[in-house]
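To start, the structure under review is shown below, and the notes come after it.
The values are calculated or read from the model by the stated rules, or taken from the named source; none is laboratory data. This structure is a prediction, so every number in the text was calculated from the model and none was measured. Cβ sites come from the backbone with ideal geometry, for glycine too, and all protein chains shown count toward neighbours. Heads up: the accessible areas ignore ligands, DNA and RNA and are worked out on the full protein's heavy atoms, side chains in. Shrake-Rupley method; radii C 1.70, N 1.55, O 1.52, S 1.80 Å.
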Amino acid sequence: MSAYAGTKLMEHATQTIAVGSKSFAAAARLFPPATRRSVLMLYAWCRHCDDVVDGQELGFAAAAPSAYGANFELDRLYDDTRRAYSGEPMRTPAFAAFQEVALGHAIAPRYAFDHLAGFAMDVNEARYRTIDDTMRYCYHVAGVVGLMMASIMGARDELVLDRACDLGLAFQLTNIARDIIDDAKIGRCYVPSEWLLEAGIQPDHVALPRHRAALATVAARLVDHAEPYYASATLGIAALPLRSAWAIATARNVYRQIGIEVKRRGAHAWDERVGTSKAAKLRLLALGGAQALASRLSPARAARAPRRRDLWLRPGRAGGAPGPAAPAADV
């Protein structure tokens, strides 16, 4: 199905995550080898799709495409994703990697196309008035990635998948809080405009230095909004194999710590990009191991714990808020 050798694909995927996400790369080392390979392959595809639409390379600025060019590239991503599911030979290592993972783990095509719909929201310059609007974006660019990752780890129970989605939502809320200024500089704002206006900030003026103190209150609100989703995700860890549970618990802890740091820095949160030190990562890795082991004590109770009624539900779940329609998966 692919002209790319397995070793070459792994080298490509490893390099992609090492440059694109140091936070997740650290946690990914904890997965057993076969799972780690698939997780890195999926990440490489997600990173590739994001870069193609934004005209970036591994998350860093290159030449931003025109609106026509971005739509052309998006259409090509949809087409290549359909080809991957149909088993055709892939032209790029990122899609060869995706094909291996998607077919090998029976990842539902709707998840892949839901993810591409998130990039379409960027291309179409979607606006986010309410927190529900923001959560729909978070679902498409990150929540559905949680669903695909969970599929790689063997999760099929809908309640467990809900919690995997919740972790993706929490990750993206944290990313939005951390990257408000960087996003504004390229003309994007994922913060609900209602929240900005309540803080006295016009959405088009987010990056102005005079708004830093007010913006810090909005960022703190985003970080707080992520908390119940991080809590929900913790309850799903019990349903994963132990090493996968350790990796996911560690990733959860690392990303959550980024949000905590954004909130702690207040108006100085955007003086430099917030991250976690090596010492902090080691501490959070140990904590993740303890959480994974503790989840073995009462896995049935944790996996079936009821959802909080105030959590945003993914499309297709009872009471879930519908996301923007993606093109039909013609596979």
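The distance linking the range 197-257 with the range 152-195 is 8 Å (Cα centroid to Cα centroid, whole angstrom). Between Asp132 and Leu208, full extension at 0.36 nm per residue minus the direct alpha carbon distance yields a gain of 24.8 nm. Between His268 and Leu282, the distance separating the two model label sites (each 7 Å from Cα on the Cα→Cβ line) works out to 2.6 nm. Here the range 26-181 has 53 percent of its accessible surface on carbon and sulfur atoms, given a 1.4 Å probe and all protein chains in place. Couplings for the range 79-86, taken from phi via the Karplus curve 6.51 cos²θ - 1.76 cosθ + 1.60 with θ = phi - 60°, read 5, 5, 5, 4, 5, 4, 5, 7 Hz in order; Gly and Pro are left as x. Between Asp157 and Val123, the simple label model (points 7 Å from Cα in the Cβ direction) yields a spacing of 3.8 nm. Net charge of the neighbourhood of Gly187, taken over other residues with C-beta under 12 Å away and scored Lys/Arg +1, Asp/Glu -1, is -3. Less than 10 Å Cβ to Cβ from Gly118, Lys/Arg counted +1 and Asp/Glu -1: what total charge do the surrounding residues give? With Lys, Arg at +1 and Asp, Glu at -1, the neighbours total -2.
At an R0 of 30 angstrom, the distance between the Cβ atoms of Thr92 and Ile186 translates into a FRET efficiency of 0.75.
Compute the Cα gyration tensor for the range 81-230, then decide on rounded, prolate or oblate, letting a ≥ b ≥ c be the square roots of its eigenvalues: rounded whenever a/c is under 1.5, prolate when a/b is larger than b/c in the other cases, and oblate in all that remain. It is prolate, given that a/c is not under 1.5 and a/b is the larger ratio. Across the alpha-carbon set of the range 127-306, the Rg to Rh ratio works out to 1.01, Rh being the Kirkwood radius.
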